[in-house]
Amino acid sequence: MPKETLGEGGPYRCHHTAHIYENRMFVFGGKDLEGKDQNEVWHLTFDTKSWEKSKVFGNTPKPRNRHSSVITNEGKIYIFGGISNDSGYLNDLWMFDVTNMQWTEILSQNLGKEFYPQPLAGASASLWKKEDEEKKIIIFGGCTEISKYVTNLWIYDIGKL
C-alpha cells in the first residue's frame, strides 16, 4: 500500500533521475510542471517521510532533463549529458557527493577530444565495479541533437577520481 509523504510533497518532475543512499532518496534535474529544466537536488528522508530541497555547494550543472546517472556505494552520484532548454544536448560529466552536498565538474562540455562522447540524451548508465578500487561508469546508446539514435558504448574510469 502506498505511503503518503510529508513536507512540501517533493518536486513535480519528469525526465529526472533518482537514487537512494542510506535513508534518503535524492532527485536531480528533470522538467517541472511548466516544462522548464531544473538543476535542483531534492531529497526524501524515509524515517521522517519528509521532502527537502538540498542545500548544495560548489558550481552546479546546467539545468537538464533526460540525463543519465549512477550512484556509488560511497554516496557519489555521477550525472552525464541530457538536454538543456538553454544549451541543447549536453556531454558533460558531474559528480554530486551526497555526504557533503558538494558538486564537482569532472568533464566540461564539448572538449572536442576524439575519445569524448558526442552530446547525448536518453542514454543508459550503469556502474561496473570489479574491485573496491576499480569502478567504471558504462554509458550506452541515447540520441543526438539531430534525432539520430546511437549504439556507442562509453566507459569512464571513476576508480581513481
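None of the figures in this text is laboratory data; all of them are computed from the coordinates on show. From a predicted model like this one, the values you see are computed outputs, not experimental measurements. Cβ sites come from the backbone with ideal geometry, for glycine too, and all protein chains shown count toward neighbours.
Can you run phi through the Karplus equation (6.51, -1.76, 1.60; θ = phi - 60°) for the stretch 69-79 and list ³J(HN,Hα) in whole Hz, with x for Gly and Pro?
These are the phi-based 3J(HN,Hα) values: 7, 9, 10, 9, 5, 8, x, 9, 9, 9, 10 Hz.
Which log10 I(q)/I(0) values, to two decimals, does the stretch 120-161 give at q = 0.17, 0.23 Å⁻¹ under the Debye formula with one point per Cα?
At q = 0.17, 0.23 Å⁻¹ the computed log10 ratios are -0.49, -0.71.
Antiparallel versus total DSSP beta bridges in the stretch 6-157: what percent is that, nearest 5?
95 percent
For the chain, with a Gaussian network of springs between Cα atoms less than 10 Å apart, report the residue from Glu34, Glu105, Glu52 with the top mean-square fluctuation.
Glu34
What percentages, rounded to whole numbers, describe P(r) for the stretch 32-150 computed over all alpha carbon pairs with 10 Å bin width beginning at zero?
12, 40, 36, 11, 1
Apply the Karplus parameterisation 6.51 cos²θ - 1.76 cosθ + 1.60, with θ equal to phi minus 60°, to every residue of the stretch 94-102 and state each ³J(HN,Hα) to the nearest whole Hz, in sequence, with x for glycine and proline.
Once rounded to whole Hz, the list reads 10, 10, 10, 8, 6, 6, 10, 6, 9.
Whole-Hz ³J(HN,Hα) for each residue in the stretch 40-55, computed from phi via Karplus 6.51 cos²θ - 1.76 cosθ + 1.60 with θ = phi - 60°, x for glycine and proline: what do you get?
6, 10, 10, 9, 10, 8, 5, 4, 8, 6, 10, 9, 8, 6, 6, 7
Can you order the peptides 72-85, 18-31 by their average number of other Cβ atoms within 10 Å per residue, highest first?
Descending mean neighbour count gives 72-85, 18-31.
Can you list, largest first and rounded to whole Å, the semi-axes you get for the stretch 28-96 by taking the square root of 5 times each eigenvalue of its Cα gyration tensor?
21, 16, 10
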